[in-house]
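*Asks:* I have a structure I would like to understand better, so I am pasting it below and will then ask my questions one at a time.
The values are calculated or read from the model by the stated rules, or taken from the named source; none is laboratory data. These numbers come from a predicted model, not from an experiment. Here the Cβ is made from the backbone with ideal geometry for all residues, glycine too, and neighbour counts use every protein chain on show. Accessible surface areas use protein heavy atoms only, side chains included; no ligands, DNA or RNA. Shrake-Rupley method; radii C 1.70, N 1.55, O 1.52, S 1.80 Å.
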Amino acid sequence: QVQLVESGGGLVQAGGSLRLSCAASGSIYSLNTMSWYRQAPGKQREFVAIITDSGSTNYADSVKGRFTISRDNVKNTAYLQMDSLKPEDTAVYYCNLRWPGNDSWGQGTQVTVSS
């Protein structure tokens, strides 16, 4: 059983920064991808960023150049450094851990950016 716990959300002013963490526990297959998604009120969940076990990354166009995803494979933890935050970044942010046969989600952490 895999568990994901996100942390680091909160309230920040526009232009500020936050760092989200996602700690994974349980039986984890080493060849996996870790991702961040977000869901704003009244909207569908959307992709934010992904990082593979080897460190390759990809980002949604809306966050490219402002957000940075990273991971610590020893700690089974992923991070999302969010800089130059905008009010439209306000959402619940979810962590995802995936490998063939497994698709695990965290409970989400709220990020609110005030203008």
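*Asks:* Could you pull out every residue, at least 5 positions away or on a different chain, whose amide H is within less than 5 Å of the one on G108? Hs are placed 1.01 Å off N in the peptide plane, and Pro or chain starts have none.
*Replies:* Hits under the 5 Å cutoff: E6, C95.
*Asks:* Take the alpha carbon gyration tensor of the range 74-115, find the square roots of its eigenvalues, order them as a ≥ b ≥ c, and report rounded if a/c is under 1.5; if not, report prolate when a/b exceeds b/c, else oblate.
*Replies:* Because a/c hits 1.5 or more and a/b exceeds b/c, the range 74-115 counts as prolate.
*Asks:* Kindly list the residues of the range 1-34 that lie in the label zone of Q81, defined by a backbone N under 17 Å from the point 7 Å along the Cα-to-C-beta vector.
*Replies:* 8-9, 15-22
*Asks:* What is the distance, in nm, between label points placed 7 Å from the Cα along the Cα-to-Cβ direction at Q13 and at L31?
*Replies:* 4.9 nm
*Asks:* Turning to a different aspect of this structure: What percentage of the solvent-accessible surface of the chain, computed with a 1.4 Å probe over protein heavy atoms, is contributed by carbon and sulfur atoms?
*Replies:* 47 percent
*Asks:* If you don't mind, another one. By the gyration tensor of its Cα atoms, with a ≥ b ≥ c the square roots of the eigenvalues, what is the shape of the chain: rounded for a/c under 1.5, prolate for a/b over b/c, or oblate?
*Replies:* In terms of gyration-tensor shape, prolate.
*Asks:* Which lysines does K43 reach when only Cα atoms under 26 Å apart count, and residues fewer than 8 places away in its own chain are ignored?
*Replies:* K64, K86
*Asks:* Continuing with the same structure: Nearest-5 percent of antiparallel DSSP beta bridges in the chain?
*Replies:* Once the DSSP bridges in the chain are tallied, antiparallel ones form about 90 percent.
*Asks:* Please work out the average accessible area per residue across the chain, using the 1.4 Å probe convention, and give it in Å².
*Replies:* On a per-residue basis, the chain sits at 52 Å².
*Asks:* While we're on this one: Which distance in nm do the two modelled labels at S115 and E88 give, with both placed 7 Å along the Cα-to-Cβ direction?
*Replies:* For the pair S115/E88, the computed spacing is 1.2 nm.
*Asks:* Also: Per 0.36 nm of contour for each residue apart, how much would the distance between Q44 and S56 grow if the chain were fully extended, relative to their Cα-Cα spacing?
*Replies:* 1.8 nm
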